[in-house]
Amino acid sequence: MTTTQFNKERLDYLLALFSMSKNDLLAILNQDRKKALSLSDIYSDEIKLSLLKKIDEIFHKGLSFYLDFTPVDGNHNTKVFFRKSSFQTILSMEDKRLVDSFESLKCLLDGYRTLTDTLTCQYQLHSSFSIEQDPKKVADQVRNTLMPQKHIKDHREFLKALIAKLADINVYVFEFVETWNKREKATIDGFYIDPNVIVLKRQSSYKREIFTLAHEIGHYLLGVEDVDALDMSKVEKSRIYNKVERWCSDFAFYLIAGEAVNQLDKFTYYSEDVNIAIDELSKSTHISRMAWYTRLAYNKIVPLRRHKGIIRELEEEQAEKLKAKKEKLQLKSSHARNPKPIVSPLYLETMQYAFYNGLVSEASFCEQLKISPSQIEKFL
(Lines give C-alpha, C1' and ligand atoms only; values in the text may rest on other atoms or scores of the structure.)
Protein backbone atom coordinates (compact mmCIF):
# COMPACT_ATOMS: atom_id res chain seq x y z
CA MET A 1 0.00 0.00 0.00
CA THR A 2 1.39 3.40 -1.01
CA THR A 3 2.69 5.57 1.83
CA THR A 4 4.34 8.97 1.86
CA GLN A 5 5.98 11.46 4.15
CA PHE A 6 4.14 14.73 4.72
CA ASN A 7 4.55 18.01 6.57
CA LYS A 8 2.85 17.42 9.92
CA GLU A 9 3.25 21.08 10.82
CA ARG A 10 0.95 21.96 7.95
CA LEU A 11 -1.73 19.64 9.27
CA ASP A 12 -1.35 21.18 12.74
CA TYR A 13 -1.66 24.60 11.13
CA LEU A 14 -4.97 23.60 9.48
CA LEU A 15 -6.30 22.20 12.75
CA ALA A 16 -5.55 25.51 14.47
CA LEU A 17 -6.99 27.50 11.57
CA PHE A 18 -10.26 25.57 11.58
CA SER A 19 -10.43 25.41 15.40
CA MET A 20 -10.23 21.61 15.46
CA SER A 21 -8.41 19.30 17.85
CA LYS A 22 -6.62 16.13 16.79
CA ASN A 23 -9.44 14.15 18.38
CA ASP A 24 -11.97 16.15 16.32
CA LEU A 25 -10.06 15.12 13.21
CA LEU A 26 -10.03 11.48 14.28
CA ALA A 27 -13.77 11.54 14.97
CA ILE A 28 -14.48 12.74 11.44
CA LEU A 29 -12.09 10.24 9.85
CA ASN A 30 -13.55 7.35 11.88
CA GLN A 31 -17.13 7.95 10.79
CA ASP A 32 -18.49 4.79 9.10
CA ARG A 33 -15.20 2.94 9.67
CA LYS A 34 -15.24 -0.59 11.13
CA LYS A 35 -11.62 -0.36 12.29
CA ALA A 36 -10.96 2.93 14.02
CA LEU A 37 -7.88 4.98 13.19
CA SER A 38 -5.56 6.27 15.89
CA LEU A 39 -3.31 9.31 16.01
CA SER A 40 -0.32 7.07 15.30
CA ASP A 41 -1.85 6.29 11.90
CA ILE A 42 -1.58 9.99 11.09
CA TYR A 43 1.44 11.23 13.02
CA SER A 44 3.92 8.48 12.18
CA ASP A 45 6.98 8.76 9.93
CA GLU A 46 4.85 7.95 6.91
CA ILE A 47 1.12 8.09 6.19
CA LYS A 48 -1.00 6.06 3.81
CA LEU A 49 -1.70 8.12 0.71
CA SER A 50 -5.36 7.04 0.87
CA LEU A 51 -5.59 8.44 4.43
CA LEU A 52 -3.96 11.71 3.39
CA LYS A 53 -6.58 12.01 0.65
CA LYS A 54 -9.30 11.45 3.28
CA ILE A 55 -7.80 14.24 5.38
CA ASP A 56 -7.82 16.56 2.41
CA GLU A 57 -11.50 15.79 1.82
CA ILE A 58 -12.01 17.72 5.06
CA PHE A 59 -9.80 20.73 4.34
CA HIS A 60 -9.77 20.92 0.51
CA LYS A 61 -6.20 22.23 0.26
CA GLY A 62 -4.90 19.80 -2.34
CA LEU A 63 -2.33 17.05 -1.67
CA SER A 64 0.58 19.30 -2.66
CA PHE A 65 -0.15 21.43 0.43
CA TYR A 66 0.76 18.57 2.80
CA LEU A 67 3.72 17.38 0.70
CA ASP A 68 5.32 20.84 0.80
CA PHE A 69 8.04 20.93 3.48
CA THR A 70 8.66 24.66 3.36
CA PRO A 71 7.61 26.39 6.60
CA VAL A 72 3.99 27.45 6.72
CA ASP A 73 3.38 31.18 7.13
CA GLY A 74 3.75 31.78 10.84
CA ASN A 75 2.10 35.20 10.74
CA HIS A 76 -1.35 34.39 12.11
CA ASN A 77 -2.53 37.93 11.41
CA THR A 78 -2.81 36.97 7.74
CA LYS A 79 -5.84 34.74 8.43
CA VAL A 80 -9.24 35.96 9.59
CA PHE A 81 -9.86 32.81 11.67
CA PHE A 82 -6.80 33.70 13.74
CA ARG A 83 -7.68 37.40 13.92
CA LYS A 84 -11.30 36.85 14.91
CA SER A 85 -12.70 34.11 17.14
CA SER A 86 -16.46 34.64 16.76
CA PHE A 87 -18.72 35.68 13.91
CA GLN A 88 -22.30 36.79 13.37
CA THR A 89 -23.30 33.25 12.42
CA ILE A 90 -22.19 29.76 13.44
CA LEU A 91 -19.97 28.50 10.64
CA SER A 92 -20.20 25.03 9.16
CA MET A 93 -17.09 23.25 7.90
CA GLU A 94 -18.05 24.18 4.34
CA ASP A 95 -18.36 27.82 5.39
CA LYS A 96 -14.86 27.73 6.88
CA ARG A 97 -13.41 26.08 3.79
CA LEU A 98 -15.05 28.72 1.65
CA VAL A 99 -13.68 31.62 3.67
CA ASP A 100 -10.20 30.08 3.67
CA SER A 101 -10.27 29.46 -0.08
CA PHE A 102 -11.08 33.09 -0.91
CA GLU A 103 -8.57 34.38 1.60
CA SER A 104 -5.93 32.19 -0.06
CA LEU A 105 -7.03 33.47 -3.46
CA LYS A 106 -6.59 37.06 -2.27
CA CYS A 107 -3.05 36.26 -1.07
CA LEU A 108 -2.30 34.75 -4.49
CA LEU A 109 -3.62 37.82 -6.30
CA ASP A 110 -1.59 40.12 -4.04
CA GLY A 111 1.46 38.06 -5.00
CA TYR A 112 0.70 38.57 -8.68
CA ARG A 113 0.26 42.30 -8.09
CA THR A 114 3.56 42.52 -6.23
CA LEU A 115 5.48 40.68 -8.94
CA THR A 116 3.99 42.87 -11.67
CA ASP A 117 4.51 46.11 -9.68
CA THR A 118 0.77 46.82 -9.67
CA LEU A 119 0.00 46.28 -5.98
CA THR A 120 -1.73 49.25 -4.38
CA CYS A 121 -2.34 49.62 -0.66
CA GLN A 122 -4.73 52.52 -1.06
CA TYR A 123 -8.19 51.51 0.10
CA GLN A 124 -10.53 54.43 -0.45
CA LEU A 125 -13.22 54.79 2.25
CA HIS A 126 -11.88 51.78 4.18
CA SER A 127 -12.47 52.22 7.94
CA SER A 128 -13.57 55.81 7.29
CA PHE A 129 -16.74 55.62 9.38
CA SER A 130 -17.98 54.39 12.74
CA ILE A 131 -21.26 52.99 14.08
CA GLU A 132 -21.71 56.24 15.97
CA GLN A 133 -22.49 57.94 12.67
CA ASP A 134 -25.95 57.99 11.10
CA PRO A 135 -25.99 55.16 8.48
CA LYS A 136 -28.39 57.14 6.28
CA LYS A 137 -26.05 60.13 6.21
CA VAL A 138 -23.11 57.86 5.45
CA ALA A 139 -25.07 56.21 2.62
CA ASP A 140 -25.84 59.64 1.16
CA GLN A 141 -22.19 60.65 1.49
CA VAL A 142 -20.72 57.64 -0.35
CA ARG A 143 -23.50 57.05 -2.88
CA ASN A 144 -21.84 58.91 -5.76
CA THR A 145 -18.62 56.94 -5.23
CA LEU A 146 -20.18 53.51 -4.85
CA MET A 147 -23.39 53.43 -6.85
CA PRO A 148 -23.74 53.15 -10.64
CA GLN A 149 -24.45 56.57 -12.12
CA LYS A 150 -26.98 55.48 -14.71
CA HIS A 151 -30.35 53.99 -13.86
CA ILE A 152 -30.28 50.22 -14.37
CA LYS A 153 -33.54 48.29 -14.10
CA ASP A 154 -32.18 44.77 -14.55
CA HIS A 155 -31.10 43.43 -11.15
CA ARG A 156 -28.19 41.30 -12.41
CA GLU A 157 -26.82 44.17 -14.50
CA PHE A 158 -27.13 46.49 -11.50
CA LEU A 159 -25.20 43.99 -9.37
CA LYS A 160 -22.45 43.79 -12.01
CA ALA A 161 -22.27 47.58 -12.18
CA LEU A 162 -22.02 47.83 -8.40
CA ILE A 163 -19.19 45.27 -8.38
CA ALA A 164 -17.43 47.32 -11.07
CA LYS A 165 -17.73 50.50 -8.98
CA LEU A 166 -16.10 48.71 -6.07
CA ALA A 167 -13.29 47.55 -8.37
CA ASP A 168 -12.63 51.23 -9.09
CA ILE A 169 -11.74 51.75 -5.41
CA ASN A 170 -9.62 48.59 -5.19
CA VAL A 171 -12.20 46.29 -3.59
CA TYR A 172 -12.41 42.70 -4.80
CA VAL A 173 -15.90 41.22 -4.98
CA PHE A 174 -16.01 37.47 -5.58
CA GLU A 175 -19.25 35.64 -6.27
CA PHE A 176 -19.47 31.89 -5.64
CA VAL A 177 -22.11 29.69 -7.21
CA GLU A 178 -23.46 26.48 -5.71
CA THR A 179 -25.15 24.03 -8.03
CA TRP A 180 -28.53 22.63 -7.00
CA ASN A 181 -27.11 19.13 -6.49
CA LYS A 182 -24.08 20.08 -4.40
CA ARG A 183 -23.82 17.77 -1.37
CA GLU A 184 -22.47 20.25 1.18
CA LYS A 185 -23.85 23.75 0.85
CA ALA A 186 -22.65 26.94 2.49
CA THR A 187 -24.96 28.45 5.09
CA ILE A 188 -23.58 31.96 4.64
CA ASP A 189 -24.69 34.69 2.25
CA GLY A 190 -21.56 36.81 2.25
CA PHE A 191 -18.54 37.97 4.16
CA TYR A 192 -15.99 40.75 4.36
CA ILE A 193 -12.26 40.15 4.88
CA ASP A 194 -10.05 43.08 5.76
CA PRO A 195 -8.90 45.16 4.00
CA ASN A 196 -10.58 44.80 0.60
CA VAL A 197 -12.35 41.48 -0.04
CA ILE A 198 -16.09 40.89 -0.23
CA VAL A 199 -17.53 37.48 -1.12
CA LEU A 200 -21.14 36.84 -2.15
CA LYS A 201 -23.19 33.72 -2.57
CA ARG A 202 -25.24 33.54 -5.76
CA GLN A 203 -28.87 33.77 -4.70
CA SER A 204 -32.10 32.80 -6.40
CA SER A 205 -32.98 36.50 -6.03
CA TYR A 206 -30.53 39.12 -7.24
CA LYS A 207 -32.25 41.65 -4.98
CA ARG A 208 -31.15 39.63 -1.97
CA GLU A 209 -27.62 39.42 -3.35
CA ILE A 210 -27.52 43.17 -3.95
CA PHE A 211 -28.62 43.78 -0.37
CA THR A 212 -25.95 41.38 0.91
CA LEU A 213 -23.29 43.21 -1.08
CA ALA A 214 -24.43 46.57 0.28
CA HIS A 215 -24.37 45.10 3.81
CA GLU A 216 -20.79 43.91 3.33
CA ILE A 217 -19.85 47.34 1.98
CA GLY A 218 -21.01 48.60 5.37
CA HIS A 219 -18.50 46.26 7.02
CA TYR A 220 -15.81 47.59 4.67
CA LEU A 221 -16.60 51.19 5.58
CA LEU A 222 -16.43 50.33 9.29
CA GLY A 223 -13.37 48.11 8.85
CA VAL A 224 -15.10 45.31 10.78
CA GLU A 225 -14.65 41.77 9.46
CA ASP A 226 -17.53 39.31 9.67
CA VAL A 227 -19.23 36.36 8.01
CA ASP A 228 -22.98 36.78 7.60
CA ALA A 229 -26.10 34.73 7.02
CA LEU A 230 -28.47 37.59 6.33
CA ASP A 231 -32.17 37.16 6.80
CA MET A 232 -34.11 40.24 5.79
CA SER A 233 -37.29 38.78 7.22
CA LYS A 234 -36.13 38.84 10.82
CA VAL A 235 -36.58 41.66 13.34
CA GLU A 236 -35.34 39.71 16.34
CA LYS A 237 -33.56 41.40 19.24
CA SER A 238 -30.14 40.00 18.32
CA ARG A 239 -30.35 41.83 15.00
CA ILE A 240 -31.62 45.01 16.55
CA TYR A 241 -29.11 45.13 19.39
CA ASN A 242 -26.02 43.90 17.52
CA LYS A 243 -24.83 47.39 16.73
CA VAL A 244 -22.52 46.55 13.83
CA GLU A 245 -25.03 44.27 12.08
CA ARG A 246 -27.85 46.74 12.57
CA TRP A 247 -25.71 49.60 11.28
CA CYS A 248 -24.64 47.64 8.19
CA SER A 249 -28.22 46.58 7.40
CA ASP A 250 -29.50 50.14 7.86
CA PHE A 251 -26.70 51.45 5.68
CA ALA A 252 -27.41 48.82 2.99
CA PHE A 253 -31.08 49.74 2.91
CA TYR A 254 -30.47 53.47 2.61
CA LEU A 255 -27.68 53.04 0.06
CA ILE A 256 -29.85 51.02 -2.33
CA ALA A 257 -33.16 52.77 -1.69
CA GLY A 258 -31.81 56.27 -2.17
CA GLU A 259 -34.54 58.88 -2.42
CA ALA A 260 -37.22 56.18 -2.61
CA VAL A 261 -36.96 55.80 1.16
CA ASN A 262 -38.58 59.22 1.54
CA GLN A 263 -41.85 57.73 0.34
CA LEU A 264 -42.12 55.91 3.66
CA ASP A 265 -42.24 59.17 5.62
CA LYS A 266 -45.93 59.70 4.92
CA PHE A 267 -46.88 56.50 6.79
CA THR A 268 -47.39 56.60 10.54
CA TYR A 269 -49.39 53.40 10.88
CA TYR A 270 -50.06 50.22 8.91
CA SER A 271 -52.85 50.17 6.32
CA GLU A 272 -53.64 48.78 2.88
CA ASP A 273 -51.96 51.88 1.45
CA VAL A 274 -48.70 50.56 2.88
CA ASN A 275 -49.09 47.31 0.90
CA ILE A 276 -49.75 49.23 -2.30
CA ALA A 277 -46.78 51.52 -1.71
CA ILE A 278 -44.43 48.60 -1.02
CA ASP A 279 -45.53 46.79 -4.18
CA GLU A 280 -44.65 49.90 -6.18
CA LEU A 281 -41.40 50.52 -4.32
CA SER A 282 -40.28 46.93 -4.86
CA LYS A 283 -40.93 47.23 -8.60
CA SER A 284 -39.08 50.54 -8.92
CA THR A 285 -36.03 49.70 -6.77
CA HIS A 286 -33.57 46.86 -6.22
CA ILE A 287 -35.05 46.15 -2.77
CA SER A 288 -37.45 43.25 -2.21
CA ARG A 289 -40.90 43.48 -0.66
CA MET A 290 -39.58 41.47 2.28
CA ALA A 291 -36.86 44.05 2.97
CA TRP A 292 -39.32 46.94 2.67
CA TYR A 293 -41.74 45.31 5.14
CA THR A 294 -38.90 44.54 7.52
CA ARG A 295 -37.75 48.15 7.36
CA LEU A 296 -41.24 49.31 8.31
CA ALA A 297 -41.28 46.78 11.12
CA TYR A 298 -38.01 48.23 12.42
CA ASN A 299 -39.65 51.66 12.21
CA LYS A 300 -42.70 50.29 14.11
CA ILE A 301 -45.07 51.09 11.26
CA VAL A 302 -45.90 47.45 10.54
CA PRO A 303 -46.81 45.61 13.78
CA LEU A 304 -44.59 42.62 14.49
CA ARG A 305 -47.53 40.17 14.49
CA ARG A 306 -48.69 41.44 11.11
CA HIS A 307 -45.10 41.46 9.85
CA LYS A 308 -44.70 37.76 10.68
CA GLY A 309 -47.86 36.93 8.72
CA ILE A 310 -46.71 38.93 5.71
CA ILE A 311 -43.26 37.35 5.76
CA ARG A 312 -44.79 33.88 5.99
CA GLU A 313 -46.84 34.57 2.86
CA LEU A 314 -43.83 35.95 1.01
CA GLU A 315 -41.67 32.97 2.02
CA GLU A 316 -44.33 30.53 0.79
CA GLU A 317 -44.50 32.43 -2.48
CA GLN A 318 -40.70 32.30 -2.82
CA ALA A 319 -40.62 28.61 -1.92
CA GLU A 320 -43.06 27.79 -4.71
CA LYS A 321 -40.99 29.75 -7.22
CA LEU A 322 -37.78 28.09 -6.04
CA LYS A 323 -39.34 24.62 -6.20
CA ALA A 324 -40.47 25.22 -9.77
CA LYS A 325 -37.01 26.51 -10.66
CA LYS A 326 -35.27 23.46 -9.15
CA GLU A 327 -37.58 21.08 -11.00
CA LYS A 328 -36.80 22.91 -14.21
CA LEU A 329 -33.06 22.68 -13.53
CA GLN A 330 -33.30 18.96 -12.76
CA LEU A 331 -34.98 18.35 -16.09
CA LYS A 332 -32.21 20.23 -17.86
CA SER A 333 -29.38 18.92 -15.67
CA SER A 334 -28.08 16.43 -18.23
CA HIS A 335 -27.48 19.20 -20.78
CA ALA A 336 -27.19 22.33 -18.65
CA ARG A 337 -23.85 24.04 -18.05
CA ASN A 338 -22.76 25.05 -14.59
CA PRO A 339 -23.67 28.70 -13.95
CA LYS A 340 -20.71 31.08 -14.03
CA PRO A 341 -19.99 33.59 -11.26
CA ILE A 342 -19.82 37.30 -11.98
CA VAL A 343 -16.16 38.28 -12.44
CA SER A 344 -14.99 41.53 -10.86
CA PRO A 345 -13.06 43.80 -13.25
CA LEU A 346 -10.36 44.02 -10.56
CA TYR A 347 -10.02 40.23 -10.46
CA LEU A 348 -9.88 40.06 -14.25
CA GLU A 349 -7.32 42.86 -14.42
CA THR A 350 -5.08 41.13 -11.87
CA MET A 351 -5.21 37.85 -13.80
CA GLN A 352 -4.46 39.70 -17.04
CA TYR A 353 -1.34 41.26 -15.48
CA ALA A 354 -0.26 37.82 -14.28
CA PHE A 355 -0.83 36.28 -17.72
CA TYR A 356 0.92 39.03 -19.68
CA ASN A 357 3.93 38.80 -17.35
CA GLY A 358 4.19 35.02 -17.65
CA LEU A 359 3.15 34.28 -14.06
CA VAL A 360 0.25 32.05 -15.10
CA SER A 361 -0.28 29.80 -18.07
CA GLU A 362 -3.26 29.93 -20.40
CA ALA A 363 -4.67 26.86 -18.64
CA SER A 364 -4.30 28.44 -15.19
CA PHE A 365 -5.83 31.69 -16.43
CA CYS A 366 -8.91 29.83 -17.71
CA GLU A 367 -9.16 27.65 -14.60
CA GLN A 368 -9.05 30.62 -12.22
CA LEU A 369 -11.70 32.57 -14.10
CA LYS A 370 -13.77 29.44 -14.83
CA ILE A 371 -13.80 29.97 -18.58
CA SER A 372 -13.14 27.60 -21.47
CA PRO A 373 -9.92 28.00 -23.53
CA SER A 374 -12.07 28.95 -26.53
CA GLN A 375 -13.25 32.03 -24.61
CA ILE A 376 -9.84 33.30 -23.57
CA GLU A 377 -9.59 35.96 -26.28
CA LYS A 378 -12.66 37.69 -24.84
CA PHE A 379 -10.86 38.10 -21.49
CA LEU A 380 -7.47 39.32 -22.74
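The values are calculated or read from the model by the stated rules, or taken from the named source; none is laboratory data. Here the structure is a predicted model, which is why all the values come from computation and not from measurement. Here the Cβ is made from the backbone with ideal geometry for all residues, glycine too, and neighbour counts use every protein chain on show. SASA here: full protein model, heavy atoms, side chains in, ligands and nucleic acids out. Shrake-Rupley method; radii C 1.70, N 1.55, O 1.52, S 1.80 Å.
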Which value does Rg/Rh take for the range 1-61 over its C-alpha atoms, Rh per Kirkwood?
0.92
Anisotropy class of the range 100-208 from Cα gyration tensor, a/c 1.5 cut
oblate
Could you order peptides 151-157, 190-196, 257-263 by the average number of other Cβ atoms within 10 Å of their residues, highest first?
190-196, 257-263, 151-157
Starting from the Cα gyration tensor of the range 128-277, take the square roots of the eigenvalues, sort them a ≥ b ≥ c, and report rounded, prolate or oblate (rounded when a/c is under 1.5, otherwise prolate if a/b is larger than b/c, else oblate).
rounded
How many angstrom separate the Cα center of the range 337-372 from the Cα center of the range 272-313?
41 Å
If you keep only loop residues by DSSP, which chymotrypsin sites (Phe, Trp or Tyr not before Pro) in the range 257-299 have at most 16 other Cβ atoms within 10 Å of their Cβ?
Phe267, Tyr269
How many angstrom lie between the C-alpha centres of the range 85-146 and the range 33-79?
30 Å
Which of rounded, prolate or oblate describes the range 65-156 when judged by the alpha-carbon gyration tensor and an a/c cut-off of 1.5?
prolate
State to the nearest 20 debye the size of the charge dipole of the range 1-82 about its Cα centre, where the only charges are +1 on K and R beta carbons and -1 on D and E beta carbons.
260 debye
Can you send over the carbon and sulfur percentage of the accessible area for the range 1-157, probe radius 1.4 Å, protein chains only?
49 percent
Charges at C-beta only: +1 for Lys and Arg, -1 for Asp and Glu. How large is the resulting dipole of the chain about its Cα centre, in Debye rounded to 20?
1040 debye
Which net charge results for the neighbourhood of Asp228, defined as the other residues with beta-carbon distances under 9 angstrom from its beta-carbon, given Lys and Arg at +1 and Asp and Glu at -1?
-4
Can you check how the C-alpha radius of gyration of the chain compares to 2.2 N^0.38 Å, as a plain ratio?
1.10
Go through Ile42, Met20, Leu281 and say which Cα lies farthest out towards the positive end of the charge dipole of the chain; charges sit on Cβ, +1 for Lys and Arg, -1 for Asp and Glu.
Leu281
By a straight-distance test (C-alpha under 17 Å), which lysines pair with Lys61 as possible cross-link partners, with residues fewer than eight away in the same chain excluded?
Lys8, Lys53, Lys79, Lys96, Lys106
Here the relative contact order (percent) of the chain, from C-alpha pairs under 8 Å and at least 6 apart, is 16 percent
May I ask you to evaluate 6.51 cos²θ - 1.76 cosθ + 1.60, the Karplus curve with θ = phi - 60°, for each residue of the range 199-208 and list the ³J(HN,Hα) values in order in whole Hz, giving x for glycine and proline?
10, 10, 8, 4, 10, 5, 10, 5, 4, 5
Count charges around Gly258 for me, please; just the other residues with Cβ under 13 Å from its Cβ, Lys/Arg as +1, Asp/Glu as -1.
0
